[in-house]
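What follows is calculated from the coordinates using simple rules that are stated; it is not laboratory data. Note that the coordinates shown come from a computational prediction; the quantities given were computed from them, not determined experimentally. Don't worry about glycine lacking a Cβ; one is built from the backbone with ideal geometry, like all the others, and counts go over all protein chains shown.
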Amino acid sequence: MTTAVIELQGVTFTYPGDIRALDNFTASFVRGRRTAVLGRNGSGKTTLFSLLNGLQRPQSGQILFDGRTIGYDRQSLLKLRQAVGMVFQDPDSQLFSACIYEDISFGPLNLGLPENEVRTRVERALTQMKLSGLENRPTHSLSFGQKKRACIAGVLAMQPQVLVLDEPFAGLDPVMAAEFSAILDELQRGGTTLIIATHDLDLAYAWADQVIVLQEGRLLADGAATEALVRPDVHAELGASPIVAEIAAVIALTGLDVYANGYLPRSRAELVKSIAAKTKGESTR
Amino acid sequence: MHIDTFAYSNRWRRVHPGEKAIFALCCLTAALLSRTVLIPLIIAALMAAMTIMGAGIPWRGYLRIAILPAAFLIWSCLALAVSFSGGELPLAHFPALQLDISFSRQGINQAELALARSLGATLSLLFLALTTPMTEIMGLLRSIGTPKLFIELMTITYRQIFIFLDMAGQIRAAQEARLGYASAGKAIRSMAGMAGNILLRTLTRARHNHQALLARGYGDELLFLSPRRNWSTPNLLAAGSAGIILIALALAIHS
Ligand SMILES: Nc1ncnc2c1ncn2[C@@H]1O[C@H](COP(=O)(O)OP(=O)(O)OP(=O)(O)O)[C@@H](O)[C@H]1O
Ligand SMILES: [Mg+2]
């Protein structure tokens, strides 16, 4: 069953100076799924995200959370912001304190939780993001990736139902990216809905259930990653297709059926496995 | 920003900030209360020794940081000692200007005492600054009930200083890489560009910061918890008793 956790209906958002960042945008994010939002620089990804937890208010159209139109009074916003956690593109804009422990405790305290509960959550978020041992280092001495993890920890400590991450993988080394991806998997198993913005087509192809492609503030494509990302118009807009999909298509032309049994390789590892299995099958025949 | 680096990486980093603060403040009080030069000088020596040998701050680094306030102190105390109204030890005489420069006994005594006291006090504070990170000092101020607004401002300012330095450093490097400082004229133009750019970026940054705080449910108060630290009774006793003894000595010894 698919229920939308967040829905946008005909949303238009214009920045001062008549810059239309979102134009009659309609889409929905399914509960418990992973959605990747793609689009060229300036296509409106960050703006879209800032609408999702009420940081900006659209001039027209409406946004529904759990089937209800979101309100912009203080109480509703606080509730919404607990439910929809947001990790920003630039860690320096999120970390306000030179001590990451203090920073992580900020969100949970704003939820009005008692001190002991806050401390437990901070500790948990620190271990979860592999930051234990770094909590006594000043923020300005941390690396970009470490700061990024601190930001994520600060949002995880609020235990949101929906986690919105603006380019979470940018700037992480491959090992850290893999670890972070595992953390996201775990969160998803726990029921968290994940929404990320990314420029990495391959990552979106391998990672996302659903992709949303933006083109100058308008919706260009919305659907399963394996379908939407190989569409010609999406290729034309983004300037590339996922490499795994391209290679699989080329190999399929040679007659080697990498798509056997309806199985679609989505990552490099899966593609290699699929080719290996197939070629072995052919040679033993 | 060496002070900061030392504060985060010295041997006494794990000691409860309160213990260090009690010790430093007791010594500061003792130095200021004393009526002889002896006690403050002992305190100054003690503080330097504790900072260098105890907390393991390299003496070169320590000297470099301490030299500035020390030079300032010496300079201002010199001014205290100098008299223009006929002291016992004449220095120079300008009949044309009707000016008479000399040292007076009393002035020298005063200057000596002021110098010793301020040196002791300065090195006490320097001890605290070099062994305790700013965030912990702020945590301490918070726990003794400093007004919230003040703490919030300190927290944010302290963080922003480094973001600002970083930003300026990046712009400067980018300009330099494109030969923006190759001549005096270019340097001025580059500096002006940098100043304008920093202003704009700071404004954008402030907006982003505010949004990020709002996204985590910021109301009208910046709420946060500092990491817990455990008091150590022996440390506390040592710091407290040493401090009290010094204060008592300072009060007891007259010239
Ligand atoms: N604060 C602002 N004021 C005015 N215009 C803005 C503001 N923020 C974004 N814009 C404009 O809105 C449009 C969408 O920007 P947005 O930041 O949402 O794009 P994005 O998809 O996140 O881009 P990127 O991939 O570079 O992060 C752009 O044209 C941008 O210039
Ligand atoms: Mg963006």
Q: Above 30 angstrom, tally the Cα pairs of chain B and express them as a % of all pairs, no decimals.
A: 51 percent
Q) When the Karplus curve 6.51 cos²θ - 1.76 cosθ + 1.60 is applied with θ = phi - 60°, which whole-Hz ³J(HN,Hα) does each residue of the stretch A:143-155 get, with x for Gly and Pro? A) 7, 4, x, 5, 5, 4, 5, 4, 4, 5, 4, x, 8
Q: At 27 Å minimum axial length over the Cα atoms and a Kyte-Doolittle cut of 0.0, report the qualifying DSSP H helices in chain B, or say none.
A: B:59-81, B:105-131, B:148-177, B:184-215, B:233-252
Q: Select from A:187, A:109, A:80 the residue whose mean-square fluctuation is largest in a Gaussian network model of chain A (Cα-Cα springs shorter than 10 Å).
A: A:109
Q. Where the centre of each part is set by its Cα atoms, how far does the stretch A:213-241 sit from the stretch A:141-207, in angstrom?
A. 22 Å
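Taking DSSP loops as anything outside H, G, I, E and B, show the longest stretch in chain B free of trypsin sites (Lys or Arg not before Pro) there with at most 12 other beta carbons within 10 Å. Walk me through the numbers on the way to the answer.
Details: sites that count: B:11, B:14, B:178, B:228.
Of all site-free stretches, the longest is B:15-177.
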Q.
Can you tell me what share of the DSSP beta bridges in the stretch A:120-242 is antiparallel? A percent to the nearest 5 is fine.
A. 55 percent
Q: Show the residues, 5+ positions off or on another chain, whose built amide H is closer than 5 Å to the amide H of residue A:22.
A: A:13
Q: Report, to the nearest 10°, how far helix A:100-110 tilts away from the longest principal axis of the Cα atoms in chain A, using its own Cα long axis and a range of 0 to 90°.
A: 80 degrees
(Q) Once you order the gyration tensor axes a ≥ b ≥ c over the Cα atoms, which shape class does the stretch B:11-62 get: rounded for a/c under 1.5, otherwise prolate or oblate by comparing a/b with b/c? (A) oblate
Q: Measure off 7 Å from each Cα along the Cα-to-Cβ vector at residue B:141 and residue B:183, then give the distance between these two points in nanometres to one decimal.
A: 4.7 nm
**Q.** Under-5 Å amide H pairs with residue A:221, H placed in peptide plane, nonlocal only
**A.** A:213
Q. By how many degrees, between 0 and 90 and to the nearest 10, does the Cα long axis of helix A:268-284 differ from the longest principal axis of chain A?
A. 20 degrees
Q: Give a residue-ordered list of calculated ³J(HN,Hα) values for the stretch A:127-138 (Karplus: 6.51 cos²θ - 1.76 cosθ + 1.60, θ = phi - 60°; whole Hz; x for Gly, Pro).
A: 5, 4, 8, 6, 10, 4, x, 9, 5, 9, 8, x
Q. Which of A:130/B:148; A:148/B:148; A:45/A:148 have a Cα-Cα distance over 25 Å?
A. A:130/B:148; A:148/B:148
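If we sort A:65-77, A:164-176 on the protection proxy, mean other Cβ atoms within 10 Å, highest first, what's the order? Please report the intermediate quantities before stating the final value.
On the way: A:65-77: 12.8, A:164-176: 17.2.
Highest-to-lowest ranking by the protection proxy: A:164-176, A:65-77.
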Q) Can you list residues whose amide H is under 5 Å from residue A:37's amide H, if they're 5+ apart or on another chain and H is modeled 1.01 Å from N? A) A:196, A:197, A:198, A:212
(Q) I'd like the orientation of helix A:174-189 relative to chain A: the angle between its Cα long axis and the longest Cα principal axis, in ° from 0 to 90, rounded to 10. (A) 80 degrees
Q) Roughly how many nanometres apart are two label points built 7 Å out from the Cα toward the Cβ at residue B:165 and residue A:247? A) 4.6 nm
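Nearest 5 is fine: what % of DSSP beta bridges in chain A come out antiparallel, could you say? List each step's numbers first, then the result.
Working: 22 of 40 bridges.
Antiparallel: roughly 55 percent of the beta bridges in chain A.
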Q) What is the distance, in nm, between label points placed 7 Å from the Cα along the Cα-to-Cβ direction at residue A:218 and at residue B:202? A) 4.2 nm
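Once you have a ≥ b ≥ c as the square roots of the Cα gyration tensor eigenvalues for the protein assembly as shown, tell me rounded if a/c is under 1.5, and otherwise prolate or oblate according to whether a/b is larger than b/c. Intermediate results must be reported in sequence, preceding the final value.
Working: a/c = 2.55, a/b = 2.27, b/c = 1.12.
It is prolate, given that a/c is not under 1.5 and a/b is the larger ratio.
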Q) Remind me, relative contact order of the stretch B:29-104 in percent, using alpha carbon pairs under 8 angstrom and six or more residues apart? A) 18 percent
